[in-house]
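Data first, discussion second: the structure below is written as structure tokens.
What follows is calculated from the coordinates using simple rules that are stated; it is not laboratory data. Treat the numbers as computed from the prediction; the structure is a model and nothing was measured. Please note: Cβ atoms are built from the backbone with ideal geometry, for glycine as well, and neighbour counts cover all protein chains shown.
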Amino acid sequence: AQKITQTQPGMFVQEKEAVTLDCTYDTSDPSYGLFWYKQPSSGEMIFLIYQGSYDQQNATEGRYSLNFQKARKSANLVISASQLGDSAMYFCAMREGHYGGSQGNLIFGKGTKLSVKP
Amino acid sequence: KAGVTQTPRYLIKTRGQQVTLSCSPISGHRSVSWYQQTPGQGLQFLFEYFSETQRNKGNFPGRFSGRQFSNSRSEMNVSTLELGDSALYLCASSLLSGTSVYNEQFFGPGTRLTVL
């Protein structure tokens, strides 16, 4: 079974509007971390935001926020006020704790390609 | 502070050859992880080295190997190249090994390998 699922292969958003990128995850480990990365066409993975499984509040970093719904096992990324430079692939990833079986490696979803229209 | 560097950035090889990729982590980082990214399989974990020891290994054949030097620089080697090895190989460094759920990994720009 897929541990990280991103159901939107591609999305379009108008410049200056907000957009939500979906991510659901699957783990039986009570301790885990969720990450979002941005990958421009240049290839480098850029860390955006992190949410820990025990964090009470949703993480925010500038224009990025993470809508964490633990019971639903979802960790959606919200980008407010989209900019042309936000056009890129976005990956959701998870690191499990000791009981998850993945030995602490980052597990990535397939990604969502976001295109921002002027 | 310099980021993660990877050399070479682009590489073209033919089937049956071998290749060595290099990764220099951020200064002070002792963990280096390698990932393979392909359009079909996405991002897949290859292995992690911490303090010159391989800590974890993904589900890849033995043709894929790596090592880490005392200065934390890491090399990845692929022997007997196959067409399916064409991919973007990403290296990531971190302060800690992958035992902490919050262990931010900083990625390099990757090496794009094409096997003809």
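Shielding of peptide B:101-114 by partners, expressed as the average count of other chain Cβ atoms within 10 Å per residue Cβ, is 5. Separation of the range B:59-116 from the range A:1-49 is 22 Å, based on Cα centroids.
Dipole magnitude for the protein assembly as shown: computed about the Cα centre from +1 point charges on Lys and Arg Cβ and -1 point charges on Asp and Glu Cβ, it is near 340 debye. Let's test the formula: R0 of 22 Å, r as the Cβ-Cβ distance of residue B:82 and residue B:54. What FRET efficiency results, to the nearest 0.05? FRET efficiency, residue B:82 to residue B:54: 0.45.
Principal axis extents of the Cα atoms in chain A, from largest to smallest and rounded to whole angstrom, are 46, 28, 21.
Less than 13 Å Cβ to Cβ from residue A:14, Lys/Arg counted +1 and Asp/Glu -1: what total charge do the surrounding residues give? Every neighbour counted, the sum reads -1.
Using r as the Cβ-Cβ distance of residue B:104 and residue A:58, and R0 as 22 Å, what FRET efficiency do you calculate, to the nearest 0.05? Working from the Cβ atoms, E equals 0.75. Considering only B:107, B:51, B:14, the residue lying farthest towards the positive end of the dipole of chain B is B:14, judged by Cα position with unit charges set on Cβ. Dipole magnitude for chain B: computed about the Cα centre from +1 point charges on Lys and Arg Cβ and -1 point charges on Asp and Glu Cβ, it is near 160 debye.
So what's Rg/Rh here for chain B, counting alpha carbon atoms and using the Kirkwood radius for Rh? Taking Rh as the inverse mean 1/r over Cα pairs, Rg/Rh reads 0.95. Note on the protein assembly as shown: Rg/Rh from Cα positions, Kirkwood definition for Rh, rounded to two decimals, is 0.97.
Lys-Lys pairs in the protein assembly as shown that are eight or more residues apart or on separate chains and whose Cα atoms lie under 12 Å of each other come to 4.
Compute the FRET efficiency between residue A:78 and residue B:14 as 1/(1 + (r/R0)^6), taking r as their Cβ-Cβ distance and R0 = 41 Å, and round to the nearest 0.05. The value I calculate is 0.35.
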